[in-house]
1. Points 7 angstrom from Cα along the Cβ direction at E168 and K146: gap in nanometres?
2. So for the stretch 70-176, taking the charge dipole from beta-carbon charges (+1 Lys/Arg, -1 Asp/Glu), which of Y169, H131, H148 sits furthest toward the positive end?
3. Run the accessible area of the chain with a 1.4 Å probe and give the carbon-and-sulfur part as a rounded percent.
4. Counting only DSSP beta bridges with both residues in the chain, tell me the antiparallel percent, nearest 5.
5. When the dipole is taken about the Cα centre of the chain, and only Lys, Arg (+1) and Asp, Glu (-1) are charged at their Cβ, what size is it in debye, to the nearest 20?
6. For helix 127-148, report the angle its Cα long axis makes with the longest principal axis of the Cα atoms of the chain; keep it between 0 and 90° and round to the nearest 10°.
7. Give me the number: length gained by fully extending Q88 to S39, i.e. 0.36 nm times residue separation minus the C-alpha to C-alpha distance, one decimal in nm.
8. Amide H of F170 versus every other amide H placed in the peptide plane: which residues, excluding those fewer than 5 positions away on the same chain, fall under 5 Å?
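The values are calculated or read from the model by the stated rules, or taken from the named source; none is laboratory data. This is a predicted model, so every value here is computed, not measured. As a convention, Cβ positions derive from the backbone with ideal geometry for all residues, glycine included, and neighbour counts pool all protein chains shown. We work out accessible area using only protein heavy atoms, side chains counted, and drop any ligands, DNA or RNA first. Shrake-Rupley method; radii C 1.70, N 1.55, O 1.52, S 1.80 Å.
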Amino acid sequence: MTDPIVYVALGDSTGAGVGAVNGGYVARLYKRIRERRPSAELANLCVSGASTTDVLRGQLDNGVAKHPQLVTLGVGINDVSHSVPLEQFAQNYDRILTTLKEKTNAQIVVANIPDVSTARVVPSYLRGKYHQQIVAYNQRLEEIAKRHGVTVFDIFSITTSELPAHPEYFSPDGFHPSDEGYEMWAVQMWPVIERVLQTT
């Protein structure tokens, strides 16, 4: 685990670090990678508000062009929030992974959709429905990831368990993670990243 690597991050505001002072999960994972591989490079292409369509149109080609050894993908909550049809989401997600598998030799780790149904900005009467929508999108996401042979980091189960008891994991906007929330995410995700890096 000494060779230089290029790490490309694709996704939404959680990758961009919206809600935090010291970066999202991507910046925190990269810090850990650099501690072990000081020459590692990061191309964080994540954009706040991005959906799977935005990743396809605005991030994917740039990411492929970096010739990465590691790719993380964290996207989907904006598809749910904007009522993108499940079949369209699935088609987009499949195209993203197909492109990454065909055009790169990268190790790919996808984070499924976090369970933010308990976020302060979500009205209580909508939380059950929002939770079930996230479950449905994650089922398709995980089926697609399995078919492509990519690693899934299950942030959904972690957030379902942790967020109701830890309001400090939300930023003041009541939706995005705080620094504490992103640190929890990175701590939980790091062993998955460390494991896939053993093969690069």
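1. Taking the two extended label points, one gets 3.7 nm.
2. H148
3. Answer for the chain is 50 percent, counting heavy atoms of protein chains only.
4. Of the beta bridges lying entirely in the chain, close to 5 percent run antiparallel.
5. 340
6. So the inclination is approximately 20 degrees.
7. Contour length minus the Cα-Cα distance gives 13.8 nm.
8. Residues meeting the criterion, in which the H sits 1.01 Å from N, are S178.
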